[in-house]
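What follows is a set of notes on a single structure, which appears directly below.
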Amino acid sequence: MSSDKQAQLNGAYYGPSVPPPRQSYHPGRRGRGCGCCGCLFRFLLGLIVSVVVTLGLAILIFWLIFRPNNIKFHVTDASLTKFNLTATNNLQYNLTLNITARNPNKKIGVYYERISATAYYEDQRFVSMDLEKFYQGHKNTSVLSPVFKGEKLLVLGANELSEFNAEKNAGVYNIDVKLYLRIKFKVGKIKTWRFKPKVKCELKLPLSASGTSSGGFETTKCDIDY
């Protein structure tokens, strides 16, 4: 009897066992979400691949039809009549160049939208100027004639000063002239996107006291980097 009462007391004290709540399950809901993400990813990937393939084929067809050749640049004439470094490291210069730009293509024209000519000595820029923009037709050679004249303060160390004195004694100076271009090509009535090639001309320029082009200058081919 006491044991029955004890059991009742225990049952009343703890109460009946409560079953765990049922978890609702919706089959396929999470799978459908991931499936949509996968479809979107595959669609974007396919679109990117299609664009890349189409662009590659267009470039290949363009090259096969027109066989474009690089523009060629040469410095054909130069006159350096002043290149003097003062005691305060002011460089006094007077330099005139003739630079030919040759378009060797039969079916491609070139729009020169910007031409910036810059001269360097010992990797230091001492003058820069913009030249007139123009259009260059098929198989055409154009002449650029920048004139650099003025004075510029240079920061030269002992090694650079020693190099300058050596070149002064030899009467020939190593000067780099760079052209920074912004161009477009024209095929028929179609213009391409814009290119920004850089042209570098490494020159050995004899100093001419007569004010005319020095006969010691040799035509120099320039390098072009797209």
Considering every residue within the stretch 167-177, establish whether at least one is of a type in the set (D, E, K, R) and either open to solvent by 60 Å² or more (accessible area, probe 1.4 Å) or not in a strand (DSSP E or B) (or both).
yes
Please indicate, with yes or no, whether at least one residue in the stretch 92-99 is farther than 30 Å from residue 141 by Cα and at pLDDT 75 or above.
yes
Which one of these is at pLDDT below 95, of a type in the set (Val, Ile, Thr) and exposed (fewer than 13 other Cβ atoms within 10 Å of the Cβ): 212, 192?
212
Specify the residue that is least open to solvent (accessible area, probe 1.4 Å); the eligible residues are those in the stretch 145-166 that are farther than 13 Å from residue 118 by Cα and among the aliphatic types (A, V, I, L, M).
154
Tell me whether the stretch 37-45 contains one or more residues that are under 32 Å from the mean Cα position of the chain (by Cα), modelled with pLDDT of 85 or more, on the phi < 0 side of the Ramachandran plot and not basic (Lys, Arg).
no
Conditions: (1) under 20 Å from residue 199 (Cα atoms); (2) surrounded by fewer than 16 Cβ atoms within 10 Å (Cβ to Cβ); (3) hydroxyl-bearing (Ser, Thr, Tyr). Residue 112 meets all but one. Number of the miss?
(2)
Looking only at residues in the stretch 49-78 that are in contact with a Ser or Thr (Cβ under 8 Å, 6 or more places away or on another chain) and among the hydrophobic types (A, V, I, L, M, F, W, C), which one is modelled with the lowest pLDDT?
78
Only one of (1) in contact with a strand residue (DSSP E or B) (Cβ under 9 Å, 6 or more places away or on another chain); (2) over 16 Å from residue 74 (Cα atoms); (3) not aliphatic (A, V, I, L, M) does not apply to residue 157, and that is (1)
Check on residue 119, touching a residue at least 40 places away in the same chain (Cβ under 8 Å), under 18 Å from residue 220 (Cβ atoms), of a type in the set (A, V, I, L, M) and touching a Ser or Thr at 6+ places or on another chain (Cβ under 7 Å)
no
Quick check on residue 55: is it within 21 Å of the chain's Cα centre (by Cα) and more than 24 Å from residue 220 (Cα to Cα)?
yes
Hey, among the residues in the stretch 99-116 that are polar (S, T, N, Q) and without any contact (Cβ under 8 Å) to a residue 40 or more places away in the chain, which one's nearest to residue 204 (Cα to Cα)?
103
Consider residue 184 against the criteria (1) closer than 23 Å to residue 130 by Cα; (2) modelled with pLDDT of 95 or more: it satisfies all of them except one. Which criterion is unmet?
(2)
Please state which one of 126, 134 is closer than 20 Å to residue 79 by Cα, open to solvent by less than 60 Å² (accessible area, probe 1.4 Å) and free of Cβ contacts under 8 Å to residues at least 40 places away in the same chain.
126
Suppose the filter is open to solvent by less than 50 Å² (accessible area, probe 1.4 Å) and over 26 Å from the mean Cα position of the chain (by Cα); does residue 95 pass it?
yes
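The values are calculated or read from the model by the stated rules, or taken from the named source; none is laboratory data. Because the structure is predicted, anything quoted here is derived from the model rather than measured. Note that we place each Cβ from the backbone using ideal geometry, even for glycine, and neighbour counts take in every protein chain shown. Keep in mind that these areas ignore ligands, DNA and RNA; they rest on the heavy atoms of the full protein, side chains included. Shrake-Rupley method; radii C 1.70, N 1.55, O 1.52, S 1.80 Å.
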